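The values are calculated or read from the model by the stated rules, or taken from the named source; none is laboratory data. Just so we're clear, the structure is a prediction, and the values are computed from it rather than from any experiment. Heads up, the Cβs are rebuilt from the backbone with ideal geometry, glycines too, and the neighbour counts pull from every protein chain shown.
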Amino acid sequence: MALHQAYELMTIPTTAPEAPDSDRLRARYEAIAAALAGHPPAEQRATLKAEIVALFRDADAAVNAMTAFKESVKRLATSWKQQEGRAPSPSRPAVSARIDHLGASTFVEKGWSRL
């Protein structure tokens with residue numbers, strides 16, 4: 001049996017899965033939004049403020065976790081490219097060291113620098 005036949009391909013879903021906490025975060029958001037829509041008294045507004053801060057921190061943590069996951073997917077793609085014998089693509093295109101903002105090269109080309 002050939003080596004490539006020894007591996008079975010998994011069925012991989014093509015739709016992007018939601019973050020595991022996104023439904024829970026969305027539910028908390030909706031609950032806070034509904035409470036704010038009712039114009040709560042001052043003491044309840046202080047509690048809502050603390051809940052908003054906690055929700056923001058949890059959302060930020062979820063974003064950071066998904067960003068780390070995204071980076072791991074990039075490493076996975078790089079590994080795949082290396083197995084294919086392709087060099088990894090550069091992260092950013094090379095930029096020329098000289099940038100001519102004033103169009104000075106046109107003056108040199110036309111001989112204006114000798115005046």
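Overview of values
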read-out	value
Residues within the range 34-49 that are surrounded by 10 or more Cβ atoms within 10 Å (Cβ to Cβ) and assigned to a helix (DSSP H, G or I), tallied	8
Residues satisfying the stated conditions in the range 20-57, i.e. among the acidic types (Asp, Glu) and modelled with pLDDT of 95 or more	Glu30, Glu51
